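Heads up, the thing below is written out as structure tokens.
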Amino acid sequence: MAVYVLDKTGKPLMPCSEKRARLLLERGRARVHRLAPLVIRLVDRRLADSAVQPLTLKLDPGSRFTGMALVRERRKRVSVLSLLELVHRGAAIRKALEQRAGFRRRRRSQNLRHRAPRFNNRTRPAGWLAPSLRHRLDTTLSWVARIRRWAPITALAVERVKFDLQAMQSPEISGLEYQQGELAGYTVREYLLEKWSRRCAYCAAENVPLEIEHIIPRSNGGSDRVSNLTLACRPCNQRKGNRPIEAFLKGQPELLARITARAKTPLHDAAAVNATRNALFVALLKTGLPVATGSGAQTKYNRRRLGIPKTHALDAGCVGEVEAVSGWQRPTLSIKATGRGEYQRTRLTAHGFPRGYLTRQKRHFGFQTGDQVKASVPGGKKAGVHQGRVAVRQSGSFNIQTPAGVVQGIAHRLCILIQRADGYAYAQNPTFDRAQPQQEAARTGAR
Ligand SMILES: [Zn+2]
């Protein structure tokens, strides 16, 4: 993994290798500026005295993950310096807001029944995005800004995906006509293959011819809408016939629940990407750097042609016009958005009744939940050195989330602060050095 390097005044220099960073630190020529991701600061060098090459930050924005690749680009030949993967928490935000709305709704209907409904006078500004989408945009931009502080980035490249679903909703053709066209059939089938992971929805058979199947049969009033379609192998399709799915899967309640849940699930992820793609592009243009764009198909073509496995960060490396990619066999830094705690101080039961209260202050004994700490426990059952994300308690007995699991009840006196909480958790994903076929098939809602 590349180590970011700053000069003595904090201006970005070319990233270096881990080995070089270790030597610089050992010889006292550099200080650790930040641990995750590792940034060092040279004590004896100025930007003016060093050679800096132009770097490009490539982005593959997705709904759950955004891949980022820091590369050096010369005549369409890309050499990868650093791979990052940003894990969004849009789903968590949406769930929290839905829960809050539910609690408020209950309070209003139970306690304020007499109150007249208020006039619907709330408007949303132009370009408004739902909080879960806003978060995707904000975290992505925040990481672009951070990496710009640590590396001499001179250009950006971003994949501008647009899902085919959009084309199906184009006003020129009515939905039904479009679906019966040859191309439309192909698009629908491709979409279904992605949605149902390329296997029979009922018996999970893979690598067999799959037929498009109506969950609610046409004869029972089921529509041709994509949300009513699934994939089945020939035997399953024939056995189901025109029975409703409830009758067909009578003995398998879990499978029934899974299929009906997925059937109702629209393309959340695709919709999220479609909704934010322009906003992200416009925001990236505002950085003042040149922004190149590429299509999703182009990325996939590049990746397949060059035999590069499918990960979010490597996808980012393949964005745009690329002839060759080198140095991609390296681990990925996974950056997971964790939030910075909750505003609400009351913990509630599933029914909205208070279960317990969080403390008013977030910091105890100089630590805050989310800080990276290292604890050396001299003896007892938890003897050893534990390093990871801390969860604080008022009592001073902390929990530490280590890669091996949670270590409970560590005294605050034993903890040493490594890095303050910044709303993200960091982990290293292993190197992928060859394509994995099942990974290709199983991915959903990526890009
Ligand atoms: Zn089957």
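Values computed for the structure shown
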item: Sole residue being of a type in the set (Lys, Arg) and modelled with pLDDT under 90, chosen from Arg29, Arg20, Arg45; result: Arg45
item: Number of positions in the range 65-80 that are within 18 Å of Arg305 (Cα to Cα) and among the small types (Gly, Ala, Ser); result: 1
item: Matching option when the condition is touching a Pro at 6+ places or on another chain (Cβ under 9 Å), over 23 Å from Gly339 (Cα atoms) and among the hydrophobic types (A, V, I, L, M, F, W, C), among Leu83, Leu57, Leu13; result: Leu13
item: Subset of the range 200-226 that is within 19 Å of Leu255 (Cα to Cα) and within 8 Å of the ligand (Cβ to nearest atom) - its residue that is surrounded by the fewest Cβ atoms within 10 Å (Cβ to Cβ); result: Ala204
item: Top-ranked residue of the range 227-257 - restricted to ones that are touching a residue at least 40 places away in the same chain (Cβ under 8 Å) and under 21 Å from Glu194 (Cα atoms), ranked as nearest to the ligand (Cβ to nearest atom); result: Leu255
item: Subset of the range 21-39 [in contact (Cβ under 8 Å) with a residue 12 or more places away in the chain and in a helix (DSSP H, G or I)]; result: Ala21, Leu24, Leu25
item: Conditions (1) free of Cβ contacts under 8 Å to residues at least 12 places away in the same chain; (2) touching a helix residue (DSSP H, G or I) at 6+ places or on another chain (Cβ under 8 Å); (3) away from the ligand (no atom under 12 Å from the Cβ): number failed by Glu190; result: (1)
item: Enumeration of residues in the range 311-330 that are charged (D, E, K, R) and surrounded by 20 or more Cβ atoms within 10 Å (Cβ to Cβ); result: Asp315
item: Those residues of the range 215-226 which are polar (S, T, N, Q) and touching a residue at least 24 places away in the same chain (Cβ under 8 Å), in sequence order; result: Asn220
item: Pair list, Cβ < 6 Å and 6+ apart or interchain, from the range 132-161 residues that are touching a residue at least 12 places away in the same chain (Cβ under 8 Å) and basic (Lys, Arg) to residues that are assigned to a helix (DSSP H, G or I) and crowded, with 16+ Cβ neighbours inside 10 Å; result: Arg136/Gly90; Arg136/Thr276; Arg160/Arg277
item: Test for Ile410: is it loosely packed, with under 12 Cβ neighbours inside 10 Å and in a strand (DSSP E or B); result: no
item: From the options Glu177, Glu172, residue that is modelled with pLDDT under 80, more than 16 Å from the ligand (Cβ to nearest atom) and assigned to a loop (DSSP other than H, G, I, E, B); result: Glu172
item: Residue in the range 267-281 that is of a type outside the set (Asp, Glu) and more than 20 Å from the chain's Cα centre (by Cα) present; result: no
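The values are calculated or read from the model by the stated rules, or taken from the named source; none is laboratory data. Quick caveat, the model's predicted, so the values are computed rather than measured. Virtual Cβ from ideal backbone geometry, glycine too; neighbours counted across all protein chains shown.
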